[in-house]
Amino acid sequence: MIWRPTTLRGRVTLWYTGLLTAMLALFGGTSVVLLDQGLRKNLDASLYSVARTVAQSVRRPSSFGPDIEDSLQSMLGPELAERFFQLLDPFGRLDPRLAPPRRSRLPLSVEALRNAARGQATLETVPIDPRSGKALRLLTFPVVANGSTVNIVQVAMSLENVNAARSSFLLILLLLAPVALTGSALGGWFLARRALAPVDAIVEAARRIEAEDLSKRVPILAAEDELGRLSAVLNDMLARLERSFGAVRRFGADAAHELRTPLTILKGEIEVALRSLPARDEIQQTLTSCLEEVNRLNSVVEDLLLMARMEGNALSARPSRVNLAEVLQDAAPALSELAARAGNRCTVVPALPLWVEGYESLLFRLVFNLAENGIKYTPSGGTIEVTLGQQDGSAVLQVEDNGPGIAPEAQEHIFDRFYRGDPSREGSGAGLGLALVRAIVQLHQGQIHLSSEPGGGSRFRVTLPLARSASSS
Ligand code: ADP
């Protein structure tokens with residue numbers, strides 16, 4: 001299986017290093033070939049220049065003799081002159097003038113001899129030791145006088161130096177390439193990290209933005225680059241979303257507001273009619289059930305309006321310091337009565353005073369809705385316990401019951417508006433109770449967490465930041 005880096009940073013570094021490896025290989029290969037060609041060209045040029053000098057000397061018989069030996073000695077060095085030079089007659093035999101028997105013979109190919117007879121030089125690469133790969137570069141050069149070949153000069157040089165230069169260049173490349181690659185991979189990783197760091201900041205900021213609060217924006221670190229443009233586009237999108245959400249919210253609030261007045265009138269009229277009507281069973285029963293429905297509608301409308309006000313920060317009251325322990329004690333009698341009617345027992349455990357900054361009536365609704373749900377959904381004989389404590393600078397309110405619990409798939413939705421686990425169940429409301437609870441918790445900058453298992457009861461845990469002076473005291 002091919003390993004693929006999961007981060008963009010890793011992928012950029014891998015691509016960059018791969019590309020650099022390919023470039024280095026191409027550059028290295030081309031350099032080696034060019035170096036080899038250059039060295040060989042130089043070597044061939046040297047061979048030609050030696051051969052021409054010798055040929056000139058041979059053509060002037062007066063200077064031939066010790067002179068040519070000297071010039072060869074100075075040109076090739078004593079050892080090379082001896083080993084890599086020979087003068088032949090036009091038939092390829094050693095010229096006695098310069099051919100002491102100690103000289104080792106250089107090979108003369110048929111083709112070189114034929115070329116020399118035609119007055120053409122021949123350059124060949126002659127292997128001298130097939131096992132080690134050692135070879136000579138051999139120039140067979142005709143000495144032409146009056147239009148015919150009078151002598152053949154053979155000059156050779158070992159290719160060992162060329163091969164050694166190429167090998168050491170290759171070795172340097174192979175040694176330096178991994179160092180250069182590691183260095184540039186590290187550099188590439190660092191640069192990619194630096195270049196992509198703003199992405200992390202954008203991701204972090206985007207993660208903090210919630211549907212309930214779309215007023216936040218992602219940071220624009222550099223307006224003119226790609227990431228700056230991405231941030232600007234994200235912010236535009238957020239602004240459009242905020243406007244749409246605002247419109248939906250306003251629609252809910254306006255609708256609830258418009259429904260409120262006719263419902264109040266309807267309620268008043270039914271109540272008056274009920275009082276003024278002579279006791280006629282059928283009509284009274286109908287009107288009483290109408291009144292119940294109107295009351296239900298009324299409370300839905302009130303809850304929707306309250307949520308709209310909380311979300312729009314349009315509450316008429318101002319926040320104040322509220323003692324949560326007192327709120328619990330205020331709710332206790334009504335909860336006990338409600339529990340008794342359902343055949344359950346609701347215990348509100350007395351707690352030490354804990355102060356939070358907020359709205360007393362809303363905190364009362366919070367406690368009441370949670371405990372009421374526990375009472376409603378726990379079969380008779382069950383127990384509901386409300387406790388209050390303190391942890392890490394926060395008040396911790398817990399409402400626990402030993403009822404049927406909540407299925408995991410329902411847990412994701414119970415805080416949504418109008419969500420009801422089982423609408424046919426007796427006592428279930430309009431599905432706004434927990435939506436209101438969540439809105440109240442958010443308004444107080446708190447958090448709510450549910451732990452529940454089907455058949456194992458439910459525990460709602462609410463944490464609310466303590467009022468500053470109270471937490472420091
Ligand atoms: P409802 O008006 O239906 O009570 P809520 O928003 O208060 O609406 O609750 C939503 C759903 O969550 C309920 O219909 C119920 O299925 C489930 N639920 C809430 N509290 C509990 C609980 N303590 N035990 C079991 N189910 C619960």
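The values are calculated or read from the model by the stated rules, or taken from the named source; none is laboratory data. A quick note: this is a predicted structure, and the numbers were derived from the prediction, not measured. Please note: Cβ atoms are built from the backbone with ideal geometry, for glycine as well, and neighbour counts cover all protein chains shown.
If you check 21, 13 for being surrounded by 16 or more Cβ atoms within 10 Å (Cβ to Cβ), under 30 Å from residue 170 (Cα atoms), modelled with pLDDT of 75 or more and in contact with a Gly (Cβ under 9 Å, 6 or more places away or on another chain), only one passes: 13. Among the residues making up segment 306-326, those that are buried (at least 19 other Cβ atoms within 10 Å of the Cβ) and closer than 24 Å to residue 430 by Cβ are 306, 307, 308. Within segment 131-188, work out how many residues are modelled with pLDDT of 90 or more, under 22 Å from residue 40 (Cβ atoms) and of a type in the set (Ser, Thr, Tyr). Qualifying residue count, segment 131-188: 3. Within segment 366-388, residues that are within 8 Å of residue 346 (Cα to Cα) have Cβ atoms under 7 Å from residues that are away from the ligand (no atom under 12 Å from the Cβ) and basic (Lys, Arg) in these pairs: 383/345, counting only partners at least 6 apart in sequence or on another chain. So which residues in segment 440-461 are within 11 Å of the ligand (Cβ to nearest atom), under 37 Å from the mean Cα position of the chain (by Cα) and at pLDDT 95 or above? Those that are within 11 Å of the ligand (Cβ to nearest atom), under 37 Å from the mean Cα position of the chain (by Cα) and at pLDDT 95 or above: 450, 460. Condition check for residue 435 on (1) part of a loop (DSSP other than H, G, I, E, B); (2) near the ligand (Cβ under 7 Å from one of its atoms); (3) modelled with pLDDT of 85 or more: one failure, at (1).
Pairing each residue of segment 445-461 that is without any contact (Cβ under 8 Å) to a residue 40 or more places away in the chain and on the phi < 0 side of the Ramachandran plot with any residue that is among the polar types (S, T, N, Q) and more than 12 Å from the ligand (Cβ to nearest atom), provided the two are 6+ apart or on different chains, yields C-beta distances under 7 Å for 447/463. The listed residues are 316, 394, 320, and the only one of them that is free of Cβ contacts under 8 Å to residues at least 24 places away in the same chain and not β-branched (Val, Ile, Thr) turns out to be 316. The strands (runs of 3 or more DSSP E) located wholly in segment 340-407 that include 3 or more residues which are touching a Phe, Trp or Tyr at 6+ places or on another chain (Cβ under 9 Å) occupy 394-401.
Residues in segment 154-198 that are farther than 23 Å from residue 129 by Cα and touching a Lys or Arg at 6+ places or on another chain (Cβ under 9 Å): 189, 192, 193, 195, 196. Contact map, segment 1-20: first residue closer than 13 Å to residue 182 by Cα, second residue among the hydroxyl-bearing types (Ser, Thr, Tyr) and surrounded by 12 or more Cβ atoms within 10 Å (Cβ to Cβ), Cβ cut-off under 6 Å, separation 6 or more or different chains; pairs are 20/184.
Quick check: is even one residue across segment 462-470 surrounded by 14 or more Cβ atoms within 10 Å (Cβ to Cβ), assigned to a helix (DSSP H, G or I) and more than 15 Å from the ligand (Cβ to nearest atom)? Walk me through it before giving the result.
Of segment 462-470, the ones surrounded by 14 or more Cβ atoms within 10 Å (Cβ to Cβ) are 462-467, 470.
When the remaining residues are screened for being assigned to a helix (DSSP H, G or I), the result is 470.
Checking the rest, the ones that are also more than 15 Å from the ligand (Cβ to nearest atom) come to 470.
Taking every residue of segment 462-470 in turn, at least one turns out to be surrounded by 14 or more Cβ atoms within 10 Å (Cβ to Cβ), assigned to a helix (DSSP H, G or I) and more than 15 Å from the ligand (Cβ to nearest atom).
Entry remark, segment 373-412: residues being of a type outside the set (A, V, I, L, M, F, W, C) and near the ligand (Cβ under 8 Å from one of its atoms) number 9 in total.
Going by the conditions given, is residue 317 in contact with a strand residue (DSSP E or B) (Cβ under 8 Å, 6 or more places away or on another chain) and under 30 Å from residue 388 (Cα atoms)? Judged against the criteria, residue 317 is not a match.
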